[in-house]
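Scroll down for the structure; my scribbles are underneath it.
We did not get these values from a lab; they are worked out from the coordinates using the rules stated. All values derive from a computational prediction rather than experimental measurement. Glycine gets a Cβ as well: all are built from the backbone with ideal geometry, and neighbour counts include every protein chain shown.
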Amino acid sequence: MAVHIKGNSSSRHFAVKSYDINGESIELLVNTTNPYDGICPLDFMSGEWTTRFEVTASGSWSIELVPLTSLRVLTVPGTIEGNGDEVFLINGGTPDTAKIIGNSSSRHFAVKSYGDDRDLLVNTTDPYESEVLVDGNAVIIEVISESKWSIEIFER
């Protein structure tokens, strides 16, 4: 699953954490002082099973569970563009490299792929434009961004 999280229209501190049945923290999904509207992965790694969320917010917020079949799809080879946090599926050809452009706002910018493992492709606070290797078994990409981004994936 993925989660579509919205909130923080008042630009205060807004955080969302996922927890398992034993009360153990799994993931800090959102941590911002900006208005937020994004899609985050939920329980993508083996052994993760979210049973509740902790929300720190000053105003209204929403969390919607989203089936993977509802996510956008990038057909390899191909390009996808977005603005903010997003999770999307990869199908078609076998991924090889990706040209990633983003982070004009010079905030935290990260791109991760999920397949047999989670692979950190980009992690920076600088504006970014470069090509990176992508695991051929990758089926999902997660983008963490506070600005516009584009990803072009090339096949083997």
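Extents of the range 71-155, largest first, come to 32, 20, 19 Å (Cα atoms, principal axes, whole angstrom).
Please compute the Kirkwood hydrodynamic radius of the range 30-77 from all pairs of different C-alpha atoms, in Å with one decimal. Before the final figure, lay out each step's value.
Values: mean 1/r = 0.0731 Å⁻¹.
It works out to 13.7 Å.
Other residues with beta-carbon under 14 Å from the beta-carbon of Ala110 carry, at +1 per Lys or Arg and -1 per Asp or Glu, a net charge of -4. Rounded to the nearest whole Hz, the Karplus-based 3J(HN,Hα) values (6.51 cos²θ - 1.76 cosθ + 1.60, θ = phi - 60°) of the range 65-77 follow the sequence 6, 10, x, 4, 5, 8, 6, 5, 10, 9, 8, 7, x, with x at glycine and proline. Summary: within the chain, the longest segment free of GluC sites (Glu not before Pro) located in DSSP loops with at most 16 other C-beta atoms within 10 Å is 49-156. Springs between Cα atoms under 10 Å define the GNM used for the chain, and in it the highest mean-square fluctuation of Ser106, Ser18, Ser46 occurs at Ser46.
Computed over all pairs of different Cα atoms, the Kirkwood value for the hydrodynamic radius of the chain is 16.1 Å.
Modelled spin-label separation between Val66 and Ser10, with each label point placed 7 Å from Cα along the Cα-to-Cβ direction: 2.6 nm. Between the range 49-71 and the range 17-40, the C-alpha centres lie 8 angstrom from each other.
So if R0 is 25 Å, what FRET efficiency would Ser46 and Thr94 give, r being the distance between their Cβ atoms, rounded to the nearest 0.05? Efficiency, rounded to the nearest 0.05: 0.65.
A Gaussian network model of the chain, with springs between Cα atoms under 10 Å, assigns the largest mean-square fluctuation among Pro127, Pro77, Pro95 to Pro127.
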